[in-house]
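The values are calculated or read from the model by the stated rules, or taken from the named source; none is laboratory data. Being a predicted model, the structure only gives us computed values, none of them experimental. Cβ placement follows ideal geometry from the backbone for every residue including glycine, while neighbour counts extend to all protein chains displayed.
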Amino acid sequence: MEALSLLMEGFAHAFTPMNLVFVLVGCLLGTAVGVLPGLGSSMAVALLLPMTFALDPTAAFIMFAGVYFGGLFGDSTMAILMNTPGQASAIASTFEGHKMARAGRAPQALATAAIGAFIGGMVSCVLVVFLAPALADLSANFGPAEYFALALFAFVATSSVVADDVLKGLLALVLGLGIATVGIDSVSGAERFSLGVPQLFDGVSLVTVTVALLALGEVFHVASRIRRDPAARSIPSAGRPFLSGAEFREALPAWLRGTGIGLPFGVVPVGGADVPTFIAYGVEKNLDKRRTTPMFGKGAIRGLAAPEAAGNATTGTAMGALLALGLPVSATAAIMLAAFQQYGLQPGPLLFERAPDLVWGLLASFFIAMIVLLVLNLPFAPLWAKLLLIPKPYLFGGIAVFCGLGVYATSASTFDLFLLTGLGFLGFLMRRYAVPLAPLLIGMVLGPLAETSLRDALMSSGGDYSVFVDSGITIAVYVLLALAIGISIVGRARAARAEKTAAGSAVEHEEVPAGR
Amino acid sequence: MSPSHRHAGQKAAAPPGRTIGVGTVVFALIAVVSIAAASFFSVRAAGTDDDLRSNLTYIAPAGVGGGWDSFAREGQQAMRSEGIVNNVQVVNIPGAGGTIGLSNFVTKSGQANTIMATGAAMTGGIATNDSQYTLEDVRPIARIAEDYNAFIVKADAPWNTMEEFVEAWKADPKGMVWTGGSVGSIDHLVIAQLAIDVGIDPKDLTFIPKAGGGESVQSLMAGTADIAVTGFNEVGDQIDAGRVKGLAITAPERFDDYPDLPTFKDLGYAVNLVNWRGIVAAPGVSDEEFASLEQIVTESRDSASWKDSLERNRWEDSFLTGPELIDFIREDQTKARELMKELGL
């Protein structure tokens, strides 16, 4: 096993006291930044970029890796506790994670998230060590037609989030698709919904929308209710701080399924870590419906475990794609690509030969970072949960400040602050009228992916639609899709017959309402 | 500004009680005087060479990690390491092909201590976005460096030379799929130049925009695109690794380490747009201040640190100042605008 011995050399390289300090600093920084709404790990790596002038490459990249993984561990903390995700990849964790916290199981939810992130990250790092060169071949099989099939699959997999109230769900979805089209169209150069405002030419960033709708919207909502329902005061977090054996066994299959879903997404540039988190959530929700006592909606541990594992499972493979292909799959990877160039290194097929010390040292530091983060996060779970004891006015005031800070830090533009406020108000209205937020965010993530891949595929084929069913991968995805729809229609029909209600009308819908 | 801070400290230490009334008055007087003096001196000093050399703000009109960002940060490093300017701060103002940064910079009229990175991508951005400001609204200091585009195809593609590809392209102008940077970028414009030169209507061009060289190579690999145009520095390694073949480069001369890679000049095609980068000063800067800035930029360009940056990034030195620079930019802007029109944008 050549890879193994190289990795051992890498560990020897990474295990210098100085490098360990850098891993630790990176992990702490990444966690801190991940916890704050709006500040993602890409932001932290960007701010650290000037460090590349002072540090030697190995130390700098080890620290960046710590920040990257730290951000992904940290982003779920606020998502669970306050319903305000640190970055887009934690959106799916809010759905069930926050419900768990509301039910007084905040420490368990945090532990579930941390272990999920650890399992996902570990498995994907192991995969990268042994398969980095093979990744190149895998990703070459993915063209726009395949992305389009994946986007469709993701839409259907997540359609259950629309299902609780179809009309309101579709309204939110269309709103999300609409917001995603704002800006100058990348292919034709046409302006879409930009109202001639130059600040809108590049579109509305997902960070701004996420922070505004989920975090600021929540702040407004809490503010509007604060004197009306005193009963909704902070939740005592009861019970033991850690997962019980039963809970662990409950979450385990979800962690593994999530990891499996996340892994391939690290290599294909389809929205980084966000898309697989939604798919993993959708899959768990659909599986949950078939159980005797459905848990979703009441704080299902699996609904949190799967997306967390899926999100982090992309990180290892994403770093593999960056190192082996020079392909920046996520925003953070794009900035790390810039850092490589600062050192005169070009990630790509030759990096493993030209700078083996650096590459294997970096891969080894991934493992160290994972372990450091698990050790940091598990004991801190009950501590973080104590945040909920802060009186609401201070807590939510602080969140509002960090929302503004996070959004302003990315672009240094006051325009974005107005946008944040406006969208925050929209988020408040949506909460007020019980319009679900998730479809809007899913629309924003998947809409552009579906659009560009549809267009790229057709441009590439010269307008020939058969391109969409041209490869084994697309056909497999569509068959899977047809099966999923078929099964849910049959299941629905059976349930309807069993309830002796009029079956006909509901079967026509693809979005099958949650079993009730 | 530090004097007023010190006074604030003294005030906090003053004993409470009756004296507060007097103390406040005295403090207010001292504060007013010191602030007035400080601002008077800072206004007066702004013009001097010394002040510019102690503090400069360098605007990169792109996001972190983008082309201008690394250009500005390398420049910052050169100015700092050689002690040419004590403190240089890079500020990113991304958006709309650099025109958000430009419109922001135009408002800094008369502020000599702020400079901005610019280049071919901005002339493209101005044309695509119909920006209300152009490079005529600022004072160009220098063109610093250029980098060149490479035309690449997949390693097992049927074309081995640019001529072979052009023949195939002429036979089916719409069917050949190109990829490269964003619409209106230098990558896109050089394709338009080639199209015009070989008698193909640029409006027939099939161009799939991608964010950067990595993604463009990926589209070649997946068979989505037939040919890609990207910055040479982004794909040199991919050529070495044998994943892609280089057909031609837009540089004026062949690269020493790639003697088999022909230039468009060698091949006899009129493709001459290059991706240049430079630095501009704000409008309304006095001639004296402008001369100081020009001196600072010249010194940093001559520094060893900058020579190192050029090499690492595979940028070619193309230093140009004065009236020739103004003419060059005007010409570049006209060319970009005409090509955009030809492309139907």
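Here are the numbers:
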quantity: Residue in the range A:198-205 that is modelled with pLDDT of 85 or more, assigned by TED's automatic domain parsing to the domain that holds A:Gly422 and not acidic (Asp, Glu) present; calculated: yes
quantity: Selected residue (only one of B:Ala248, B:Ala304, B:Ala241, B:Ala282 is in contact (Cβ under 8 Å) with a residue 40 or more places away in the chain and touching a Pro at 6+ places or on another chain (Cβ under 6 Å)); calculated: B:Ala248
quantity: Top-ranked residue in the range B:74-95 [being modelled with pLDDT of 80 or more and closer than 15 Å to B:Gly119 by Cβ; ranked as nearest to the other protein chains (Cβ to nearest Cβ)]; calculated: B:Glu74
quantity: Qualifying residue in the range A:338-360 (condition: hydroxyl-bearing (Ser, Thr, Tyr), closer than 30 Å to A:Asp416 by Cα and either surrounded by fewer than 23 Cβ atoms within 10 Å (Cβ to Cβ) or within 14 Å of chain B (Cβ to nearest Cβ) (or both)); calculated: no
quantity: For A:Asp202: the one exception among (1) surrounded by 21 or more Cβ atoms within 10 Å (Cβ to Cβ); (2) closer than 24 Å to B:Asp187 by Cα; calculated: (1)
quantity: Unique residue being away from every other protein chain (no Cβ under 14 Å), without any contact (Cβ under 8 Å) to a residue 60 or more places away in the chain and in contact with a helix residue (DSSP H, G or I) (Cβ under 7 Å, 6 or more places away or on another chain) when the list is A:Glu308, A:Glu284; calculated: A:Glu284
quantity: Test: residue in the range A:447-466 that is assigned to a loop (DSSP other than H, G, I, E, B), more than 14 Å from every other protein chain (Cβ to nearest Cβ) and within 22 Å of the chain's Cα centre (by Cα); calculated: no
quantity: Matching residues in the range A:408-427 - criterion: being over 19 Å from A:Phe95 (Cβ atoms) and more than 14 Å from every other protein chain (Cβ to nearest Cβ); calculated: A:Leu417, A:Phe418, A:Leu420, A:Thr421, A:Gly422, A:Leu423, A:Gly424, A:Phe425, A:Leu426
quantity: Single condition A:Tyr408 does not satisfy, out of (1) under 27 Å from A:Thr314 (Cα atoms); (2) assigned to a helix (DSSP H, G or I); (3) without any contact (Cβ under 8 Å) to a residue 12 or more places away in the chain; (4) touching a helix residue (DSSP H, G or I) at 6+ places or on another chain (Cβ under 8 Å); calculated: (1)
quantity: Any hit, the range A:371-394, residues being under 24 Å from the mean Cα position of the chain (by Cα), touching a residue at least 40 places away in the same chain (Cβ under 8 Å) and within 14 Å of chain B (Cβ to nearest Cβ); calculated: no
quantity: Number of the condition not met by B:Asn160 [criteria: (1) surrounded by fewer than 24 Cβ atoms within 10 Å (Cβ to Cβ); (2) within 14 Å of chain A (Cβ to nearest Cβ)]; calculated: (2)
quantity: Of the criteria (1) more than 22 Å from A:Asp456 (Cβ to Cβ); (2) outside the structural domain of B:Val297 (by TED's automatic domain parsing), which one B:Arg139 fails; calculated: (2)
quantity: Single residue of the range B:92-107 satisfying the filter (outside any loop (DSSP other than H, G, I, E, B) and over 13 Å from the mean Cα position of the chain (by Cα)) that is surrounded by the fewest Cβ atoms within 10 Å (Cβ to Cβ); calculated: B:Val106
quantity: Top-ranked residue in the range A:215-233 [being modelled with pLDDT under 80 and not charged (D, E, K, R); ranked as nearest to the chain's Cα centre (by Cα)]; calculated: A:Ala232
quantity: Residues that are modelled with pLDDT under 80 and assigned to a helix (DSSP H, G or I), drawn from the range A:411-431; calculated: A:Ser411
quantity: Which listed residue is surrounded by 16 or more Cβ atoms within 10 Å (Cβ to Cβ), touching a Phe, Trp or Tyr at 6+ places or on another chain (Cβ under 7 Å), assigned by TED's automatic domain parsing to the domain that holds B:Thr128 and small (Gly, Ala, Ser), from B:Ser305, B:Ser292, B:Ser309, B:Ser318; calculated: B:Ser318
quantity: Helices (runs of 4 or more DSSP H) contained in the range B:234-345 and holding at least 1 residues within 14 Å of chain A (Cβ to nearest Cβ) and closer than 30 Å to A:Pro347 by Cβ; calculated: B:304-313
quantity: Residue match in the range A:319-326 (condition: crowded, with 24+ Cβ neighbours inside 10 Å, free of Cβ contacts under 8 Å to residues at least 40 places away in the same chain and hydrophobic (A, V, I, L, M, F, W, C)); calculated: yes
quantity: For B:Gly223: the one exception among (1) on the phi > 0 side of the Ramachandran plot; (2) part of a strand (DSSP E or B); calculated: (2)
quantity: Residue within the range B:212-230 that is more than 14 Å from chain A (Cβ to nearest Cβ) and at pLDDT below 90 present; calculated: no
quantity: Some residue of the range B:40-56 being modelled with pLDDT of 65 or more, closer than 24 Å to B:Gly124 by Cβ and touching a strand residue (DSSP E or B) at 6+ places or on another chain (Cβ under 8 Å); calculated: no
